[in-house]
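The values are calculated or read from the model by the stated rules, or taken from the named source; none is laboratory data. Note that the structure is predicted; figures quoted are calculated from it, not measured. Cβ coordinates were reconstructed from backbone atoms using ideal geometry, including for glycine residues, and neighbour counts include every protein chain displayed.
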Amino acid sequence: MRRAAPAHPLADRTILLVDDDPANIQHVREGLAGPGYRFREAHDGTEALRSLRESRPDLIVMDVEMPRLGGVEVCRIIKANSGEGGFGFIPIILVTARQAAGKVEGLELGADDYLVKPFDMMELSARVKSMLRLKVLQDALVEKNRELDFKNRELDRANKELAQKREELLNLTRIDALTGLYNRRYFEERLNEEFARSSRYRSPLSLVMMDIDHFKRLNDTYGHPFGDEVLRSVAKAVRGRLREVDFVARYGGEELIALLPETGTKEALGACERIREAIASVRLEHRTADGTRQEVRCTASLGVASVPDRTLLATEDLLREADTCLYAAKAAGRNCVRQ
Ligand code: GH3
Ligand code: MG
Ligand code: MG
Ligand code: MG
Ligand code: MG
């Protein structure tokens, strides 16, 4: 619901009148009665500060000479607390019986305007209007800034979400859907990087190729979906046997491949033996339609090649050598490692 616009653009604005003499306050109230301002009153500096803590006026017209806490001191306190979380911007018109010398002091302390008693009511009225116009502009600026801050925060949040989504999407293009391992394409990217790093620093790097033994037979006996299940379990067993820094991918149908950085021939052979054992320890249960249960196991053959090696100068050499070793493992009777 839209509020009816006030009759005067500055009506509805609140002015805090601070003076230890009630007659002065009354005089100013009457003089400013025209546009429909709201008034609040305080009779010394302490009361003025208390009133400010309760709610913010749009303007303060304040006497300088007051008992206990004078107008100049109150002005200093308000202006020192005008930042975020403080009083904000409240224009202050100081009124004093002093001679014009005090004017400079008051303005330097941050009073926005200054009048010397006895003053012309028309002049006070004009200065009040000018100060309130300033305050209206300032309020609009503060509001705009707040909106911009809010929009910026929303943009930041949206950007972060987008970056995360992009990362997730990118990851999806690297993952093999069946096994959850990385796919061949991403493996090749990583192989190129790791091979280049290993060549540059002459650090050891091993590549393992694994192929499940007689997988065709397993598929034929228990069905393709069960074969998929076996493949998932083997992938999990291999991943679980390797270090965080090792990189495992599905290279083809039932062929997995692993990259072991900082791993030479001896350690690679050990790692392959552990992988071979882990795969041979996988136990799956197959159920036929009539409810018969059967324990199914499988084995795999592994071929491993390592650099530095004088004959392996490119990633293709390393891949070919590991494949040759895998073939040798198959020829040697399967469920074994060849290097
Ligand atoms: P070996 O490797 O010991 O020589 O015998 P093998 O029976 O495993 O022979 P090969 O590696 O040539 O055959 C791979 C089989 O794996 C053929 C194919 O039907 C099956 N296969 C490939 N990808 C998948 C898959 O995603 N799911 C299932 N269930 N089977 C697959
Ligand atoms: Mg006074
Ligand atoms: Mg195969
Ligand atoms: Mg084969
Ligand atoms: Mg096979």
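I'd like the full set of residues that are under 23 Å from V142 (Cα atoms) and in contact with a helix residue (DSSP H, G or I) (Cβ under 7 Å, 6 or more places away or on another chain), limited to segment 53-74. Even if it seems obvious, please write down each step before you answer.
Taking segment 53-74 first, the residues under 23 Å from V142 (Cα atoms) are 53-61.
Within segment 53-74, D58, L59, V61 meet the criteria.
Is it fair to say V28 is buried (at least 18 other Cβ atoms within 10 Å of the Cβ), more than 21 Å from G110 (Cα to Cα), of a type in the set (V, I, T) and more than 16 Å from ligand 3 (Cβ to nearest atom)? So that I can check it myself, show each step before the final result.
Working: buried (at least 18 other Cβ atoms within 10 Å of the Cβ): yes; more than 21 Å from G110 (Cα to Cα): yes; of a type in the set (V, I, T): yes; more than 16 Å from ligand 3 (Cβ to nearest atom): yes.
Yes: the conditions hold for V28.
Looking for something within 16 Å of ligand 5 (Cβ to nearest atom), without any contact (Cβ under 8 Å) to a residue 12 or more places away in the chain and over 30 Å from the mean Cα position of the chain (by Cα) - is there at least one such residue anywhere in segment 226-237?
no
Could you list all residues from segment 88-130 that are modelled with pLDDT under 90 and among the polar types (S, T, N, Q)?
T96, Q99
Quick test of your reading of the structure: D44 fulfils all but one of (1) over 47 Å from the mean Cα position of the chain (by Cα); (2) surrounded by fewer than 18 Cβ atoms within 10 Å (Cβ to Cβ); (3) acidic (D, E). Name the failing condition by number.
Of everything listed in (1) over 47 Å from the mean Cα position of the chain (by Cα); (2) surrounded by fewer than 18 Cβ atoms within 10 Å (Cβ to Cβ); (3) acidic (D, E), D44 misses just condition (2).
Being within 22 Å of A177 (Cα to Cα) and among the basic types (K, R) is true for just one of R310, R217, R250, R274. Which residue is that?
None of the others qualify; the one that does is R250.
If D58 meets every condition in (1) crowded, with 17+ Cβ neighbours inside 10 Å; (2) within 16 Å of ligand 2 (Cβ to nearest atom); (3) among the charged types (D, E, K, R) apart from one, which number is that one?
So D58 meets the others, but not (2).
Which one of these is surrounded by 12 or more Cβ atoms within 10 Å (Cβ to Cβ) and more than 30 Å from T324 (Cβ to Cβ): Y186, Y222?
Checking each option against the conditions leaves just Y222.
Here is a list: A328, A305, A332, A314. Which entry is surrounded by fewer than 17 Cβ atoms within 10 Å (Cβ to Cβ), over 25 Å from L218 (Cα atoms) and among the hydrophobic types (A, V, I, L, M, F, W, C)?
On inspection, the qualifying residue turns out to be A314.
Residues that are under 17 Å from L218 (Cα atoms) and within 15 Å of ligand 1 (Cβ to nearest atom): does segment 283-293 have at least one?
Among the residues of segment 283-293, at least one is under 17 Å from L218 (Cα atoms) and within 15 Å of ligand 1 (Cβ to nearest atom), which makes the answer yes.
Could you give every pair whose Cβ atoms fall below 9 Å, whose first residue belongs to segment 301-320 and is farther than 17 Å from R197 by Cβ and touching a residue at least 40 places away in the same chain (Cβ under 8 Å), and whose second residue is exposed (fewer than 13 other Cβ atoms within 10 Å of the Cβ) and not polar (S, T, N, Q), counting only separations of at least 6 or pairs across chains?
S301/A332; S301/G333
Pull up segment 205-219, narrow it to residues that are more than 6 Å from ligand 1 (Cβ to nearest atom) and within 15 Å of Q339 (Cα to Cα), then point me to the one that is surrounded by the fewest Cβ atoms within 10 Å (Cβ to Cβ).
Selected residue: L205.
Select from segment 249-274 the residues that are away from ligand 1 (no atom under 16 Å from the Cβ) and touching a Lys or Arg at 6+ places or on another chain (Cβ under 7 Å) and write down the one among them that is farthest from V304 (Cα to Cα).
R274
Looking at segment 238-275, which of its residues are closer than 19 Å to V296 by Cα and touching a residue at least 60 places away in the same chain (Cβ under 8 Å)?
I275
Got at least one residue in segment 298-308 being in contact with a helix residue (DSSP H, G or I) (Cβ under 9 Å, 6 or more places away or on another chain), in a loop (DSSP other than H, G, I, E, B) and more than 16 Å from ligand 1 (Cβ to nearest atom)?
In the first step, residues of segment 298-308 are kept if they are in contact with a helix residue (DSSP H, G or I) (Cβ under 9 Å, 6 or more places away or on another chain); the result is 298-308.
Adding the requirement that they be in a loop (DSSP other than H, G, I, E, B) leaves 298-299, 308.
Adding the requirement that they be more than 16 Å from ligand 1 (Cβ to nearest atom) leaves 308.
Yes: one or more hits.
Kindly provide the set of residues from segment 34-52 that are under 25 Å from V142 (Cα atoms) and either free of Cβ contacts under 8 Å to residues at least 12 places away in the same chain or of a type outside the set (K, R) (or both), ordered by number. Break it down stepwise before answering.
Quick first cut of segment 34-52, residues under 25 Å from V142 (Cα atoms) only: 35-40, 48-52.
Residues satisfying the conditions are P35, G36, Y37, F39, A48, L49, R50, S51, L52.
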